[in-house]
Amino acid sequence: MEARMRDSRKVVYVFACVVALGWLVLETCKHLGTSPLFDARSHTRDLLLQTQLEQGKRAMEQLQAFQKQMPEFKQTMEDRLKQTKAYEFQFVVITRSTHPRNQYNYLVRSVLKLAVAVEQDPHVAMVVMNVGAEDTQSRRISELVPVKQVQEGRVENETMSHRKYLGKQLQDYATALGLCAESFAQYCCIPEDDVIVSSHLLFTLRILLARIRSKHGDMDRWGMLKMYYKEAWMGYATEVWYEPVVVGVGSGTATFLVCFLRTRRRDRVVVRTAFKALCLALPAGALCVLFSYLVGRPNLLQLRKAIPRLHAAVSPAPTAITAGILYPRGTARELREYMLDLLHNGSVLASDIAVGEYMTVRHLATYLAVPNLLDHIGFVSTNLMKVRSHKEHFGVWMP
């Protein structure tokens with residue numbers, strides 16, 4: 001009777017630990033991630049816009065503080081852009097002004113975070129390429145970093161048809177690739193003006209690029225490394241089916257060992273004890289898998305963001321989304337020529353589709369950084385016909 005009571009207490013103890021752990025992970029992740037599962041219950045579109053307005057105002061204050069602390073930053077970047085010796089990374093931030101989104105100061109927030117991430121690294125250069133009308137944001141940013149104003153073919157977005165918008169977008173992207181192709185940078189990164197980069201961006205990129213180079217050798221003949229993908233789409237798909245299996249087997253094995261080893265040696269009958277431990281391990285493993293689905297992979301990925309070595313370069317990368325992509329310089333040069341040929345032949349494609357088609361036609365390997373190395377904060381798009389869900393752009397967390 002006493003032995004049965006002890007076994008019952010073990011069952012209660014194990015399941016209580018699993019439930020407590022699952023609840024802790026759930027509560028932690030729901031405040032870090034961007035999962036619509038949680039945002040839909042507690043946040044509204046009006047709250048999102050109000051929050052982004054306040055963040056934009058704080059960004060302007062932070063811009064002034066950064067300029068006082070780093071008055072020579074712009075000159076440093078200009079010197080690096082002019083140098084004729086090889087360096088590692090060049091960042092070209094594409095921005096275009098539209099009246100509805102200017103009030104949120106996305107560009108200021110984006111450039112500030114990137115400037116902080118690269119300021120101490122001598123192997124990085126950055127420039128902002130403004131493909132729209134000059135506005136308050138671009139003028140203020142031009143005091144901090146080099147800004148290239150692209151005038152040719154400029155049409156105001158508010159009066160632009162969808163076809164003209166796509167053609168202008170493709171031309172702008174080709175121009176940004178041209179800046180990279182003409183530089184001495186080994187890698188070219190083109191982020192949009194409404195993304196926030198990770199503070200560990202450069203360190204993580206070097207880890208991922210070392211892994212990619214080990215597959216392709218010194219030729220560096222590969223396509224791209226995407227730094228962003230919608231986390232709401234990063235579920236337990238067929239390519240990551242093994243993650244719940246690892247969770248279940250790992251938690252089940254841990255439960256088995258704990259239950260088996262906690263049995264006092266004098267009371268231990270190996271076969272009977274192992275059978276009891278197995279009876280606890282199986283439901284414990286299943287329960288942990290259930291919690292992994294309840295919390296959601298998009299949220300569990302948040303816990304890996306702050307640890308660079310837990311990032312992975314997954315191949316092939318999914319198509320679409322040009323929020324932030326890194327290219328080898330040779331690929332950037334050839335992709336620019338491909339886009340210009342499309343425009344010359346009258347083909348009008350969205351830039352992300354054109355990038356995906358080029359990688360497919362050339363049979364180039366593509367990679368996706370998992371978790372994301374940047375977050376997309378641009379709820380208000382430059383394409384005024386695009387309507388975004390507020391659930392996708394709130395509660396973002398980037399270390």
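The values are calculated or read from the model by the stated rules, or taken from the named source; none is laboratory data. No experiment lies behind these values; they were computed from the predicted model shown. Every residue, glycine as well, gets a Cβ built from its backbone with ideal geometry; the counts of neighbours run over all protein chains shown. Each accessible area value is taken on the protein alone, full model and side chains, heavy atoms only, with ligands, DNA and RNA left out. Shrake-Rupley method; radii C 1.70, N 1.55, O 1.52, S 1.80 Å.
Can you send over the carbon and sulfur percentage of the accessible area for region 108-148, probe radius 1.4 Å, protein chains only?
46
Using mean Cβ contacts within 10 Å as the protection proxy, how do 161-172, 181-192 order, highest first?
181-192, 161-172
Which of the residue pairs 148/305; 68/168; 168/226; 74/305; 85/164; 82/215 have a Cα-Cα distance greater than 27 Å in the structure shown?
Violating the 27 Å Cα-Cα cut-off are 148/305; 68/168; 74/305; 85/164; 82/215.
Taking 0.36 nm per residue of separation and subtracting the Cα-Cα distance, what length does fully extending residue 86 through residue 239 add?
Answer, rounded to one decimal: 51.3 nm.
Could you check how much of the accessible area of region 215-337 is carbon and sulfur, as a whole percent, using a 1.4 Å probe?
65
Sticking with the crude label model, points 7 Å out along Cα→Cβ, report the distance from residue 357 to residue 203 in nm, one decimal please.
Going from the residue 357 label point to the residue 203 one covers 4.1 nm.
Could you work out how far apart the two model spin labels at residue 57 and residue 293 are, taking each label as a point 7 Å from the Cα in the direction of the beta carbon, and quote it in nm?
Using points 7 Å along Cα→Cβ, the separation is 4.6 nm.
For residue 279, what accessible surface area do you get with a 1.4 Å probe? Give it in Å², rounded to 10.
70
Skip the ligands, DNA and RNA, and give the accessible area per residue of region 47-122 with a 1.4 Å probe, whole Å².
Accessible area per residue, region 47-122: 48 Å².
Just report the Cα centroid separation between region 291-328 and region 160-214, whole Å.
So the separation of the two Cα centres works out to 18 Å.
How many nm separate the modelled label positions at residue 381 and residue 44, each set 7 Å beyond the Cα in the direction of the Cβ?
It works out to 2.5 nm between the two label points.
Give me the three principal axis extents of region 78-229 from the C-alpha atoms, as integers in angstrom, largest value leading.
On the principal axes, region 78-229 reaches 48, 32, 32 Å in Cα extent.
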